[in-house]
Amino acid sequence: MAENKEHIFKEKLTKGEDIDTDILLESFKQHKNNNLKILLGLYKGQYSKLLAAVLLFAVKHTPVWVLPIVTANIINHATEPGEDYAEKIIINVVIMAVLVLQNVFTNYFHTYFYAKVIRNVECGLRSSMVRKLQQLSITYHNEMQSGRLQSKIMRDVEQVENLSAQIFISILSIILNIIVSFTVVISSSFTVFLFFLAAIPVAVLIRNVFRDKINTRNRDFRREMEETSVKVMEMVELIPVTRAHALEETETRKLDSQLKNVAAHGFKLDMIQSFFGSVSWASFQIFQVICLGFTGYLAAKGTIRPGDVVMYQTYFSTIVNQVSGIITLLPIISKGLESVSSIGDILLCADVEDRGGRHRLKKVDGNIEFRDVCFKFKNADSPVINNLDLSIKKGETIAFVGASGAGKSTLLNLVIGFLRPDSGDILIDGKSMNDIDLQSYRKHIAVVPQTPILFTGTIRENITYGADNIDEDFLKQVIHSANLDELIESLPEGLDTPLTEHGANLSGGQRQRVSIARAFVRNPKILILDEATSALDSVSEKKIQDSVDRLVKDRTTLIVAHRLSTIRNADKIAVIGDGGVMEFGTYDELMTKKGEFFKLKSLQQ
């Protein structure tokens, strides 16, 4: 059912009116060293709509271009009245009125086409990033701060959307205004046209002087914003700890320091952009005054008519404003292109699980074998797992114990596929995990982490997460087995009680029992419990342990346990240390042996 929903969602994205997320990714791959080409490539398949938007823009904008000509005509007819001057003035007024009225309709359809395309690309980008984040390795997510990812998905995509809007509105308007203005001027007076051309080198010179500084300041500001997003999320997560230890002022000062860094970088960006804009504005205003004097001189000599002075002045003013507009947009363009690069950091990341050509598992029995497995964390001095050999038969319950950092949770992550061995191999039912499609394999396992992970939804939604069409009788059985009956009955809305963020309206033990219920509702062949009872009080722990003993039947179960009393009924216990299995046997065998397990158990007496 979940796969069907994903298929429907992808199908909607790839319809003509929407965005194929594969096109977005392909654009990043093809033009990864050219952000502008990437941006243009994002709209592949949408060019017909953009062309319609451009044509409608040209039509809707005609009043702006025609008004200077109409104004000049009316002034000329008024200052040099000839035959039928009144009719000619009326005709000019009517033409102008018609052009103004058509703007209402053409502007609507222009906005419809460009806004639909831009918003769909915005949605497609975020969808692509979310999909890629689901594919990236757990190692990547452990190393990348969540606040930084959030900033890329929300802020950077917003900057790209803003850049796209500027291209299809502001830049389009600028280009068309300049083309029309130059066309009218050159057809009227080549001398005035040459004067107009003098403004272009000035614009290019100003742009080149400021370009690198603006790009650098934009990049620095974006990085500081990402860092701030990270620290804000950390602050929110730490509020209970901060409040419990009366460290509010310390935390506030720490974040204030980061906020001051953002303000300082933002201030530098604002100042360089402001100086850039003021230099551009002053330069072009001087040119505009000179233009007024020049065309006035030509009118006094009789080279042009008096009304033409207004027309030329209006068109020159238009050109000046458009060139100034381009210069003003450069910081926005720079910021948008920098965001394109930032989004590419995720979409082009190669740290993904390779599923190409891998064997999809339709069933899993639960046999697990470690063959000479070695694993070392990045930057670690020595391997945490070294030449490990271990065979686990289907249906067995194996408990892993040992000191903190011995490698117990690492072994579980290797079985899940979150980590891959540096050497050696792990076999599932005789098949190497290197040859298995891990997604198909994980459909047959369930994991209960040490810290329960709940989302804002109902208790029912948290328990049945990823498992649709759950039978109510089976759900009641799971709830009973997870010792949730009392809790559910005590809540006014029962299973449909909404949870706050991270399930904060439940106790630690209640959250863990919901997490355990979620694992068992999947009816897995391999069950992984990473200190799953660590958050429970003694009474709840005993009830849960009885439930676990019933529910592990006929499924392979791997348990990492801190409280050694909870693993008495495990088929075998593996004491992990020094990179491998130090002891292996039943609870009674290891206690009789009086070795490492006996020492650990004695410490908890």
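The values are calculated or read from the model by the stated rules, or taken from the named source; none is laboratory data. Just so you know, these numbers come straight off a predicted model, no measurement behind them. Using ideal geometry, Cβ is built from the backbone for each residue, glycine included, and neighbour counts are taken over all protein chains shown. Surface accessibility is based on the protein's heavy atoms, side chains included, excluding ligands, DNA and RNA. Shrake-Rupley method; radii C 1.70, N 1.55, O 1.52, S 1.80 Å.
For this structure, a couple of remarks:
- Degrees between helix 199-244 axis and first principal axis of the chain (Cα, 0 to 90, nearest 10): 30 degrees
- I573 exposes around 0 Å² of accessible area when a 1.4 Å probe is run over every protein chain in place.
- Computed with every protein chain present, the accessible area of V309 is close to 20 Å² [probe 1.4 Å].
- What the chain shows is 52 Å² of accessible area per residue, with the surface traced by a 1.4 Å probe over protein heavy atoms.
- Rounded to 10°, Cα long-axis angle of helix 2-13 versus longest principal axis of the chain: 10 degrees
- Mean residue ellipticity, 222 nm, helices only, the chain: the sum of -39500 (n - 2.57) across DSSP H runs of n ≥ 4, divided by residue count and rounded to 500, is -21000 deg cm²/dmol.
- Note on the chain: with neighbouring protein chains present and a 1.4 Å probe, carbon and sulfur make up 57 percent of its accessible heavy-atom surface.
- The protection proxy used here, the mean number of other Cβ atoms lying within 10 Å of each residue, ranks peptides 99-105, 418-424 as follows, highest first: 418-424, 99-105.
- Two-site label geometry, F182 and E489: point separation in nm, points 7 Å out along Cα→Cβ: 8.3 nm
- Taken along the Cα-to-beta-carbon direction at a fixed 7 Å, the label points for S146 and A78 span 6.7 nm.
- Protection proxy ranking of 484-492, 49-57 - average other beta-carbon atoms within 10 Å, highest first: 49-57, 484-492
- Computed from the Cβ-Cβ distance with R0 of 25 Å, the FRET efficiency linking A86 to T303 stands at 0.35.
- Rounded to 10°, Cα long-axis angle of helix 62-79 versus longest principal axis of the chain: 20 degrees
- At full extension, N469 and N107 could sit 125.5 nm farther apart than now, given 0.36 nm per residue minus the alpha carbon distance.
- Under 13 Å, Cβ to Cβ, from K362 - net charge with Lys/Arg +1 and Asp/Glu -1: +2
- Label corresponding to Rg/Rh (Cα atoms, Kirkwood Rh) when calculated from the structure given, among [x] 0.97; [y] 1.15; [z] 1.01: [y]
- When DSSP beta bridges are restricted to pairs lying wholly in the chain, around 50% turn out antiparallel.
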